[in-house]
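Asks: I am attaching a structure below and will ask some questions about it afterwards.
Read-outs throughout are calculated quantities, based only on the coordinates presented, and are distinct from any laboratory measurement. From a predicted model like this one, the values you see are computed outputs, not experimental measurements. Cβ placement follows ideal geometry from the backbone for every residue including glycine, while neighbour counts extend to all protein chains displayed.
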Amino acid sequence: MFTELVFDAGKKVLDGGEITVEEARQLASLEGGDIPFLLAVANKVREKYAGSGVDFCSIINARSGHCSEDCAFCAQSAHHCAEVEVYPLLEVDEMVRAAKEAEKEGIDRFSIVTSGRGAGGEKEFTKILEAVRRMRGETSLRICGSLGIISFSEAVVLKEAGLSRYHHNLETSRSFFKEICTTHTFEERVATIKAAQQAGLECCSGGIIGMGETIEQRIELAFILKELNVNSVPINILNPIKGTRLFDQRPLLPMEIVKMMAIFRLILPDKELRYAGGREVNLRELQALGLLGGINGMLTGGYLTTGGRHANQDRQMVADLGIGRRKG
């Protein structure tokens, strides 16, 4: 029965159709030996609609800590007592230097990430714009930004400076969002994505799984992202940090994680699905499975407040799987 369910869902998508919310829920009930079959089907969908290669991105934590927002997972929130490095916006030279180092490591995309509700005051925003211009002029990288909630006018200026993509996670589903954050709304996040799109920027938006949400709410998130038609969907897995509200959250099992990634691929057949934070600690030796189940992008080299794998390790994993490189 379950094998037929996977086959039918895969054939439907490969033939140009779309799976329904109910079909996604049924796929989420798969267990044991049925999960590898689901991964294989998701991989075929990826190959047809999103190509066979993997692209790599990395980030710089350009402003850290003292964030006014109360996101339950975040060590940088001023509402938490996590031990995290705190510093103001880095100098332009330092940001550009980090971008050049990333390029040497074979990275395709590089993102400036800042803590806080928004991009900051005029002086800081001007500094970010200068960094973007220099990165575009001095590297061959595609430059991204993750500066919090921004307006359409800010998005326009970022686009004019040379930013190619704006990153702004929804974090979780609309129905679960208030359990995670109370200092801003889900709709404010949606508005930021739409503002960036209206300004002509590509959009990167995903979320974090394993924060206590239901399977149905993970599926809800995927369908909202489909409706928003974002370009790239980073999938983070909660890495609980001491001092945050979610420190005691029970981790997801590795096969549950890769199953959900495969379902995201069937819902979002032509989008970039990107490995992001938490994969090392949650998937451990099974990270390669995601790449065989629909993942075609990787955030590598470390995250905002937690370490990651070196880009060389991720490149080797991709090469060992016989998967080529793709320019994001």
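Asks: Return the loop-located trypsin sites (Lys or Arg not before Pro) in region 227-328 (DSSP other than H, G, I, E, B) with at most 10 other Cβ atoms within 10 Å of their own Cβ; answer none if there are none.
Replies: Lys327
Asks: So what is the calculated 222 nm ellipticity per residue for the chain, using -39500 (n - 2.57) for each DSSP H run with n of 4 or more, over all residues, to the nearest 500 deg cm²/dmol?
Replies: -13000 deg cm²/dmol
Asks: Sticking with this structure for a sec: Gain in length, Glu105 to Glu4, computed as 0.36 nm per residue apart minus the alpha-carbon separation, to one decimal in nm?
Replies: Here the answer is 32.0 nm.
Asks: Considering only DSSP beta bridges whose two residues both sit in the chain, what percent are antiparallel, to the nearest 5?
Replies: Taking every DSSP beta bridge within the chain, about 5 percent pair in antiparallel fashion.
Asks: Would you work out which of Ala195, Phe247, Ile237 lies farthest towards the positive end of the dipole of the chain? Charges go on Cβ: Lys and Arg +1, Asp and Glu -1.
Replies: So the residue furthest toward the plus end is Ala195.
Asks: Let me ask something else. In degrees from 0 to 90, rounded to the nearest 10, what is the angle of the helix 311-320 Cα long axis to the longest principal axis of the chain?
Replies: For helix 311-320, the angle is close to 20 degrees.
Asks: At 7 Å along the Cα-to-beta-carbon direction for both Val281 and Asp70, put a label point, then send me their distance in nm to one decimal.
Replies: 2.3
Asks: Using a Cα distance threshold of under 26 Å, what count of lysine pairs results for region 51-320 when pairs must be 8 or more residues apart or interchain?
Replies: 21
Asks: Give the separation of the Cα centroids, region 146-203 to region 1-56, in Å.
Replies: Going from one Cα centre to the other spans 29 Å.
Asks: Answer with one residue from Leu38, Leu27, Gly53: the one whose Cα lies farthest towards the positive end of the charge dipole of region 1-116, charges on Cβ with Lys, Arg +1 and Asp, Glu -1.
Replies: Highest projection toward the positive end goes to Gly53.
Asks: Counting other Cβ atoms within 10 Å, which GluC sites (Glu not before Pro) in region 147-196 have at most 11 and lie in a DSSP loop?
Replies: none
Asks: To continue, here is another question. Once R0 is set to 30 Å, what does the formula 1/(1 + (r/R0)^6) return for the Cβ-Cβ distance between Thr183 and Val21, expressed as a FRET efficiency to the nearest 0.05?
Replies: 0.50
Asks: Taking the Cα centre of the chain as origin, sum charge times position over the Cβ atoms of Lys and Arg (+1) and Asp and Glu (-1), and report the length of that vector in debye to the nearest 20.
Replies: Roughly 600 debye for the chain.
Asks: Of all the Cα-Cα pairs you can form in region 97-167, what percent are over 15 Å apart?
Replies: Every Cα pair in region 97-167 considered, those over 15 Å come to 48 percent.
Asks: Loop-only GluC sites (Glu not before Pro) in region 71-146, please: DSSP not H, G, I, E or B, and at most 11 other Cβ atoms within 10 Å.
Replies: Sites meeting the loop and neighbour criteria: Glu83, Glu85.
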